[in-house]
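S.K.: Here you go, one structure.
What follows draws every value from the coordinates through simple rules; no lab data is involved. Just so we're clear, the structure is a prediction, and the values are computed from it rather than from any experiment. As a convention, Cβ positions derive from the backbone with ideal geometry for all residues, glycine included, and neighbour counts pool all protein chains shown.
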Amino acid sequence: MPSVSRSANRFALFGPLLVVGWTAAALADEAPTAGPAAPTAAVDYATEIKPLLAARCVACHGPLRQQQGLRLDSAAAIRRGGESGPAIEPHKPRESLLIRAVTGADGWRMPPEGEPLSADEISRLARWIDAGAPAPHEESTATDPSQHWAFRPPVRPDLSEGSTTSPGRSAVNPIDAFVDATLRQQGLEPYPPASRERLLRRVYLDLIGLPPTRDELLAFLADESPDAYEQVVDRLLADPRHGERWARHFMDIWRYSDWYGYGAELRNSQPHLWRWRDWIVESLNADRGYDRMLIEMLAGDEVAPTDLNVVRATGYLARNWYKFNRNTWLQDTIEHTGKAFLGLTFNCARCHDHKYDPISQENYYQLRAYFEPHEVRVDVAGGQLDTKVDGVARVYDAYADRPTHVFARGDEKEPDNSRVLAPALPSVVAPESIAITAVPLPGAAWYPALASAHGGALLVKAQTERDAVATQLQQRRAELARLQIEIEQQAARLELLDELTEPALDSPTELDRLRLKNARSLVTAVQAALEVDEKQLAVADANLVSLTARLAADQGRYLDPPAANIEDLMRGAANAERAHAVAAAELQRHIAQREHDRLAAKPLADEATKKSLAEAAAKLADADKALEAARAALASTGVNYSSVGSTYPRESTGRRLALARWIADRRNPLTARVLVNHVWLRHFGRPLVSTVFDFGMNGKPPTHPELLDWLAVELMEQGWSIKSLHRMIVLSVAYRRDSAADSLASNLQIDPDNRYLWRANTRRMEAEVVRDSLLYLAGSLELNAGGPEIDQKTADTTSRRSLYYRHANEKRVTFLELFDQAGVGEGYQRTESVVPQQALALLNSEFAHREARLLADRLGAVAAADQRRFIGLAFETVLGRAATDAELATCLEFLTRHFGARSQDVAAAESESDGVGGASAVAAPQTATPENSAGANSPSPDVARARASLVHALFNHNDFLAIR
Amino acid sequence: MKSNSTFSHGAFHPRCTGVSRRTFLADVGMGFTGLALGAMLSRDGVVRADTTQAAQAGQLPTGLPHFAPKAKNVIWLFMVGGTSHVESFDPKPALSQYAGKTIAESPYRDVLESPFLKKNLREFVAGNHKVQPTIFPMQVGYRPRGQCGIEISDWWPHVGGMVDDIAVVRSMWTTDNDHGAQLQFHTGRHALEGQFPTIGSWIHYGLGSLNDDLPQFVVLGTPIADCCGGAGAHGSNYLGPEHQGVQLAVDPKNPLPYALPPRDVSWDEARDKLALVNQLNGLAAIEYPDDAALRARIKSYELAFRMQTAVPEVLNFGDKTASTQSLYGLDRDVTRPFGQQCLAARRLVERGVRFVQLFHGSNGGAGAWDAHGGLKAGHTALCEQVDRPIAALLSDLKRRGMLDETLVVWGSEFGRTPGAQGADGRDHHPYGFSIWLAGAGIRGGVVHGATDELGFHAAENRHYVTDLHATVLDRLGLDPRQLEVPGRKRLEVDFGRPIREVTS
């Protein structure tokens, strides 16, 4: 039968992929009604076809891109087809373009990348088409990217009803207006406010990363003024420890890493990156606008080229430096600039167009073009000329003309050299093109020796060297004078003795004469050395003069505008340099002469000595010539001199500044939202947008879109003040809610994850907060700020805040690592793991034992022999709350049982009159009897140890680690 | 009968929300939750395919395998620096035959024209490791071993003796011709792309625990150096730190950080203090009955306390019989260090540790196996250090009936060049090299894949390193595609394909 053979041919055409799976019925009969279809032929569009197309086809044939005018994201669009006609012929799989494309029937195959569709997948498509391509009428299609919420600039939404100021009461915090509206909408009942002690601990840990002291706690509990909490918040925000606390959060997001490599070899990041860390701390404390911070990190060298206090912020970029591969370095820069500031996964578009967002592969390389020219260097700082010892790691534009190409499939070995990409952002981020203006640099920026930090250090060094020579000369002169006096005296004495006719007891011996002779020759030697010193001093003086003159000339030449007397300055510099050259040549000649004379004075006994003498003579002749030349040069009136330092390009491309300005522009739809989300996450333990680095179309929508936008707009209108954002958040009722109360079953039913914030989330302290709090409570924490990173191996034995210890790949503080400290690669959101290694660290470390002893001693001094008072103090100090009756009983029993340390049940009524209230006032449990109380005013070693154990146990209490 | 629904949807209804996977696992034992049941079932191998919606939706793994597993545990032996494949598991007589000639002069000059030379290579530093032109003869003899008669070199006599239980794969390739390949061997990604979760961390992430006293993913031996990936080679990257390998020293006195209390704290004192911690946390648990993290913390303290005894116990072989001691070579200086690690590995998997990663030859740099010169002397010594212990591990597992459910993997980041480097060495060689597997249903006495006559390119049945990962996951009943973490797009190459030819 002809039709059969035709089918067979077609079958062959489709190739082996079709052998499996495709039912024979579908192949054998082209008629629309091919008899009863096998039950297996029923294919559900929604569950079997649409996901397949979405996974493999829609990136290029969908809302983002419509290759060949074709979209495959809805059945209607599939039927409509594109430039080559409909994608399918219902009931005719073999005729359908879609099938021909995925089987490669026409000599090309879709999808062009990745594995071909499997036989099963093709069979599924074919059976669906065969069945007439049934699909629901009401089919949702993907959003047009320009309509995606995060790509539309935030607009301040109207506050919900009842949210405005009403007479007689203060304004409702806008956060609560939005949160409460959602709660009402969802039928959720919010928890009551947290207790005051719980709230205080929460806000302390959130804002400064340290718990309140017991005194602070008591003061707050006693403060009945209506704005007591607000005052605390303002105090904490003004506390310099706030900057340290939040700097660590931003160090996570911005991937802070001290340098690391292989042994002493620098391979990643840069030395002295702590200066960027200090900039973060200081910026946060100064409440520098977030927009300004972004600009300084991305383009501090362009916006304030000569101010190293600003330029150090570019440590953000220097951190990505990577020894072995420039592309890896730029990849990191692009990926994390996208994720950290814009919440976009540009990195997905390195090898191919982004699958979800309107970011083409070309867009990726256009973003790269902003960074293409930049390079890293270390400038002199801190009076230290050796930049290995200290300096500022910063970026500058070194390669203004370096072209950016697309790498085919992301492969650096396959650049598309036919096109050079100019810097640009995808239209979804920046609807209009961003103007780039080159930044002419002042001299001190492209010629860093002119910067006072550098030039000054050079002068100090030259002066120090000169002074050292002068001092040596002085000492030598003194020695010579002393020798001469000695010789004179000795000679006079010998002379006198010689004149005596009668032999005296102390008549001069041959030995005395020999000594005199030696002393005289020593004088000769010292005199010779002194001559060298004098010449050396002349050289050092000339060097100082030369350096000063050359610096002045450099300054005159390169500062803007150049000095009027530049000619004179340059000539002066040239003359001083020539004078220095003469002095140096004189010194060399003098040394050569001496060496020659020394050898010439020797008996020319052997060949070796003769040879040495000949060499010395040749050197002397050379030195003569050099000196002659240097002297001859003195006659020159030329103005050419050697500049003092190395130079860099005089202009920066302005690309990064343009990029930074757009990222920080109020019209940018993403920047403010992304920041608000990060700050929110760190106050509530959960972000508003759960995909914190992906606000794109594959990210998750916000739980409270209006709130997010309101805060984003507010942030920008408050001059991007992060402190204002903190303030608004922690003053909200939502933030102040309790985390645990009588279980509200209905709430749990509706919103078990607390997405809508009907209560506060219990969180765990971050690693740094655990360590810092332990030290702080025990009174050990050193609160001095800033400075070079501290050896991470000393973290258990030293007491600085944790953010100051070295944080690099393989060089991290073990204790912090165990508590989920962010790695150096990426730290957008930390995990809160609970693992036994944490228990071991808190139970077993010398560090925790030591701090527990210190704190126990401190509290013991207050509690004296009163065990119950001690327990109360310990709970209030470590956990920020009173002990419950049961806890008190348990702890008393512990102290009593384990170490024979009987409780001093000093009158129950008087104990804890200043306590946090509640439990401690109740009568002591029976185990604690007043007997054996004599002489217990100074706790015995056993008692002290038991108390230290108790405090140590509280450090291990979940309520210590928990932020409730 | 949908028997798995009993613990997927019935008694156990995971509210994974807001609780990390680890939190969740630590909860095991508080009551007979489904997970505990599941973990117990998987201990007994009674686990069926888990196709819960959560798993399909890419949410947190349930801790159960995706399909019936063949293995419960993995021991992963990694030789740091690049073991010579042509002197170990892939004999190449042509090397001796054409020794001294250049590859271009030999009949096999076409290996220099292979597209793989450029296509698959991604150099860390361009030009550092060019093709070594002059053919270097095999430095050791081979002989057929076992019933199967597979040729194994004379540097591996003991492992050779176990070859009937081993499947050798001679056709591996990787893309880094420098020691970043060590990281790549564990993550599947070139070091220039950064750090990614490692094979051990994926398993930790995907499967529940089989023991209550020990970490699930243990690292023995000195991990690779900073140069080549460092802790990244047993790290977990975006899976989170709780899934990274826990490094144990074979030192009962100090096996891991903070393992034991300071010296001046007595055992009783420590235990009493822990009891107080538990009492106080127990009181808090009454106050906060819904706090999963608190419950997890209580469990973590119990596990920590058990680890304080269990870890030193597992690493203390003092009481092992003399025969076991000598089997692993603990009686000889040369074999003792690695023998101790192999014995520790056996004892760890015996107690249910899922993944034990052993490093041999880490030397603070590229690794001891990196035989740029003195290959014969170097490899002779290194093989002697590991050959007996590894064979002992296999035979010990076998005699205890554990080999059936323990997968043993041997590998190195790459092989070594057919051409000579200097007078007596071989350079790095990513184009073709060998690994082997044993146990857990791996077919024994089998060779799979081949390199060309010079051992240059993997020629038949080529496998990138992630195919090995896929094989390991397959043995454990895990489908890597079901482990993908939302927002962390994995590439096709990351998933690899199980090497079916060596599995039964």
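S.K.: Tell me, what HN-Hα J-couplings in whole Hz come from the Karplus equation 6.51 cos²θ - 1.76 cosθ + 1.60 at θ = phi - 60° for each residue of region B:252-265, using x for Gly and Pro?
M.R.: Couplings: x, 7, 8, x, 7, x, 6, 5, 9, x, x, 4, 7, 9 Hz.
S.K.: Give me B:Ser323, A:Ser84 sorted ascending by neighbouring Cβ count inside 10 Å, so fewest comes first.
M.R.: On the way: B:Ser323 8, A:Ser84 11.
With the sparsest Cβ surroundings first, the list reads B:Ser323, A:Ser84.
S.K.: OK, next. Taking amide hydrogens as modeled 1.01 Å from N in the peptide plane, which residues meet the under 5 Å criterion relative to B:Asp427, leaving out close sequence neighbours?
M.R.: Placed amide hydrogens put B:Thr417, B:Gln421 under 5 Å from B:Asp427.
S.K.: Trypsin sites (Lys or Arg not before Pro) within region B:239-328: which are DSSP loop residues with at most 15 other Cβ atoms inside 10 Å? Let's see the in-between values first.
M.R.: On the way: sites: B:Lys253, B:Arg263, B:Arg271, B:Lys273, B:Arg295, B:Arg297, B:Lys299, B:Arg306, B:Lys320; in loops: B:Lys253, B:Arg263, B:Lys320.
Here the sparse-neighbourhood loop sites are B:Lys253, B:Arg263, B:Lys320.
S.K.: For peptide B:288-299, what's the mean number of Cβ atoms from other chains within 10 Å of each residue's Cβ?
M.R.: Values: counts 7, 2, 5, 6, 2, 9, 7, 2, 5, 11, 3, 3.
The per-residue average across the peptide is 5.
S.K.: Please work out the C-alpha center-to-center distance from region A:634-712 to region A:323-385 and express it in whole Å.
M.R.: 12 Å
S.K.: Mind jotting down the distance between the C-alpha centroids of region B:214-232 and region A:532-603, whole Å?
M.R.: 58 Å
S.K.: Here is a further query. Please list, ordered by chain and number, the residues whose modelled amide H lies under 5 Å from the amide H of B:Ile152; skip anything fewer than 5 residues away on the same chain.
M.R.: B:Arg143, B:Arg145
S.K.: Suppose we look only past 21 Å in the calculated P(r) of region B:68-183. What percent of the Cα-Cα pairs does that tail hold?
M.R.: Values: 3581 of 6670 pairs.
Cα-Cα pairs in region B:68-183 separated by more than 21 Å: 54 percent.
S.K.: Also, I was wondering about something else. Loop-only check: which GluC sites (Glu not before Pro) in region B:246-328 are DSSP coil with at most 10 other Cβ within 10 angstrom? Write down the numbers at each step before the final one.
M.R.: Working: sites: B:Glu269, B:Glu287, B:Glu302, B:Glu313; in loops: none.
The qualifying sites: there are none.
S.K.: Ranking request for peptides A:490-498, A:663-671: highest mean number of other beta-carbon atoms within 10 Å first, then the rest in descending order. Mind dumping the intermediate values first?
M.R.: Working: A:490-498: 13.0, A:663-671: 19.8.
For the peptides A:490-498, A:663-671, the packing ranking is A:663-671, A:490-498.
S.K.: Counting helices only, and only those DSSP H runs with n ≥ 4, report the 222 nm mean residue ellipticity of chain A as the sum of -39,500 (n - 2.57) divided by its residues, in deg cm²/dmol to the nearest 500. It would help to have the intermediate numbers written out before the result.
M.R.: Details: 36 runs with 473 residues, N = 964.
Taking each H run of at least 4 residues, the total per residue is -15500 deg cm²/dmol.
S.K.: Here's a follow-up. Please give the net charge around B:Ala71, taking every other residue with its beta carbon less than 10 angstrom from that of B:Ala71, where Lys and Arg add +1 and Asp and Glu add -1. Walk me through the intermediate numbers first.
M.R.: Working: positive: B:Lys70, B:Lys72, B:Arg354, B:Arg475; negative: B:Asp404, B:Glu405, B:Asp474.
Around B:Ala71, the surrounding residues sum to +1.
S.K.: In whole Å, how far is the Cα centre of region A:773-831 from that of region B:172-206?
M.R.: Region A:773-831 and region B:172-206 have Cα centres spaced 28 Å from each other.
S.K.: While we're on this one: Write out the GluC sites (Glu not before Pro) in region A:214-280 meeting two conditions: DSSP loop, and at most 11 other Cβ atoms within 10 Å of their Cβ. All intermediate terms of the calculation are to be shown ahead of the outcome.
M.R.: On the way: sites: A:Glu216, A:Glu224, A:Glu230, A:Glu244, A:Glu265; in loops: A:Glu224.
Here the sparse-neighbourhood loop sites are A:Glu224.
S.K.: In a Debye calculation with equal point scatterers on the alpha-carbon sites of region A:630-677 and no solvent, what is log10 I(q)/I(0) at q = 0.13, 0.20, 0.23 Å⁻¹?
M.R.: The calculated log intensity ratios at q = 0.13, 0.20, 0.23 Å⁻¹ are -0.58, -0.81, -0.89.
S.K.: Return the long-range amide H neighbours of A:Arg764 (sequence gap of 5 or more, or a different chain), with a cut-off of under 5 Å between placed amide H atoms.
M.R.: A:Ile963
S.K.: Would you list B:Ile286, B:Ile224 from fewest to most Cβ contacts within 10 Å? Please report the intermediate quantities before stating the final value.
M.R.: Values: B:Ile286 9, B:Ile224 30.
So the ranking, lowest neighbour count to highest, is B:Ile286, B:Ile224.
S.K.: Could you tally the net charge around A:Leu818, taking each other residue with its Cβ under 11 Å from the Cβ of A:Leu818, Lys/Arg +1 and Asp/Glu -1?
M.R.: Numbers: positive: A:Arg771, A:Arg812; negative: A:Glu817, A:Asp820, B:Glu242.
Net local charge, A:Leu818 excluded: -1.
S.K.: Within 10 Å of each Cβ in peptide B:238-251, how many partner chain Cβ atoms are there on average? Round it to a whole number, please.
M.R.: Average neighbour count from other chains, rounded to a whole number: 3.
S.K.: Could I get the Rg over Rh figure for chain B? Both from C-alpha atoms, Rh via Kirkwood, rounded to two places.
M.R.: In chain B, Rg relative to Rh is 0.99.
S.K.: Take the residue pairs A:Lys811/B:Lys489; A:Lys92/A:Lys355; B:Lys72/B:Lys489; B:Lys70/B:Lys398; A:Lys413/B:Lys118; B:Lys273/B:Lys299 and return only those whose Cα atoms are more than 20 Å apart.
M.R.: On the way: A:Lys811/B:Lys489 29 Å; A:Lys92/A:Lys355 30 Å; B:Lys72/B:Lys489 28 Å; B:Lys70/B:Lys398 15 Å; A:Lys413/B:Lys118 10 Å; B:Lys273/B:Lys299 16 Å.
Too far apart for the 20 Å limit: A:Lys811/B:Lys489; A:Lys92/A:Lys355; B:Lys72/B:Lys489.
S.K.: Hey, what do the phi angles of region B:101-116 turn into as Karplus ³J(HN,Hα) couplings, whole Hz, using 6.51/-1.76/1.60 and θ = phi - 60°, x for Gly and Pro?
M.R.: Result, ordered by residue: 7, 7, 4, 5, 7, 7, x, 10, 4, 5, 4, 6, 9, 4, x, 4 Hz.
S.K.: What's the Kirkwood radius of the protein assembly as shown in Å, using all Cα pairs?
M.R.: Numbers: mean 1/r = 0.0267 Å⁻¹.
Taking the inverse mean of 1/r over all distinct Cα pairs, the protein assembly as shown comes out at 37.4 Å.
S.K.: What number, rounded to the nearest 500 deg cm²/dmol, is the helix-based mean residue ellipticity at 222 nm of chain B, given -39500 (n - 2.57) per DSSP H run of at least four residues and division by all its residues? It would help to have the intermediate numbers written out before the result.
M.R.: Numbers: 15 runs with 154 residues, N = 504.
Per the formula, -9000 deg cm²/dmol.
S.K.: A follow-up question, please. Determine ³J(HN,Hα), in whole Hz, for all residues of region B:217-224 in sequence, where each value follows from phi through the Karplus function 6.51 cos²θ - 1.76 cosθ + 1.60 and θ = phi - 60°; x replaces Gly and Pro.
M.R.: Values per residue, Gly and Pro as x: 10, 10, 10, 10, x, 6, x, 5 Hz.
S.K.: A follow-up question, please. Listing B:Ser201, A:Ser646, A:Ser96 from the residue with the fewest other Cβ atoms within 10 Å to the one with the most, what is the order?
M.R.: Fewest-to-most Cβ neighbours within 10 Å comes out as A:Ser646, A:Ser96, B:Ser201.
S.K.: Evaluate peptide A:825-832: per residue, the Cβ atoms of other protein chains within 10 Å of its Cβ; return the mean as an integer. Don't skip to the end; give the middle numbers.
M.R.: On the way: counts 7, 4, 0, 1, 0, 2, 11, 9.
Per-residue shielding by partner chains comes out at 4.
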